[in-house]
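The block underneath contains the structure these notes are about, expressed in structure tokens.
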Amino acid sequence: DLVVEGTLEYKIPMPRAGRLRGIRVKCLAGTGGGNNTFNCRKNGVSQTMSSVFANTGTAGTSNGGTVDVVAGDLISIGITKAAVPATPQTNVVVTLELTS
């Protein structure tokens, strides 16, 4: 019930202040070339924390970046494709760790 549906993304409000880290992505592989970038967004603005891996891959981990948040910040994940895949990745699950 807390997720905010936007025009282009679903935004999850942060329950408390802290630091997001450790973006992890798991999915079913697509077909075709190109890399996909999964980027953490705060209040609609892309941040430096991301995960990049091939469209044919099934998992990716963080580039080591972190994002500081306060209670109420809206977090979402932006996906950028380097090429149009024959079939896209599906069943995408993204996890983030919120530390104090």
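The values are calculated or read from the model by the stated rules, or taken from the named source; none is laboratory data. Since this is a predicted model, take the numbers as computed values, not measurements. Virtual Cβ from ideal backbone geometry, glycine too; neighbours counted across all protein chains shown. These area figures cover heavy atoms from the full protein model, side chains too; ligands, DNA and RNA do not enter into them. Shrake-Rupley method; radii C 1.70, N 1.55, O 1.52, S 1.80 Å.
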(request) Only strands (runs of 3 or more DSSP E) wholly contained in the chain count here; list those with 2 or more residues that are polar (S, T, N, Q). (result) 35-42, 45-54, 74-81, 90-99
(request) Kindly indicate whether residue 7 is at pLDDT 95 or above and either among the polar types (S, T, N, Q) or open to solvent by 30 Å² or more (accessible area, probe 1.4 Å) (or both). (result) no
(message) Given the criteria touching a strand residue (DSSP E or B) at 6+ places or on another chain (Cβ under 8 Å), farther than 17 Å from residue 14 by Cβ and not aromatic (Phe, Trp, Tyr), does residue 91 qualify?
(response) yes
(message) Quick check on my filter: what residues within region 43-71 are over 14 Å from residue 10 (Cα atoms) and more than 13 Å from the chain's Cα centre (by Cα)?
(response) 54, 55, 56, 57, 58, 64, 68, 69, 70, 71
(request) For region 43-54, indicate whether the set of residues that are surrounded by 17 or more Cβ atoms within 10 Å (Cβ to Cβ) and over 16 Å from residue 97 (Cα atoms) is non-empty. (result) yes
(request) Give the number of residues within region 22-60 that are in contact with a Cys (Cβ under 8 Å, 6 or more places away or on another chain) and of a type in the set (A, V, I, L, M). (result) 3
(request) Please list, ordered by first then second residue, the pairs with beta carbon atoms under 6 Å, 6 or more apart or interchain, first in region 67-83 and open to solvent by 20 Å² or more (accessible area, probe 1.4 Å), second among the basic types (Lys, Arg) and in a loop (DSSP other than H, G, I, E, B). (result) 71/16
(request) Could you grab me the full set of residues in region 62-95 that are of a type in the set (Ser, Thr, Tyr) and more than 17 Å from residue 25 (Cα to Cα)? (result) 87
(message) It is to be established whether one or more residues within region 23-38 are within 15 Å of the chain's Cα centre (by Cα), open to solvent by less than 60 Å² (accessible area, probe 1.4 Å) and of a type in the set (D, E, K, R).
(response) no
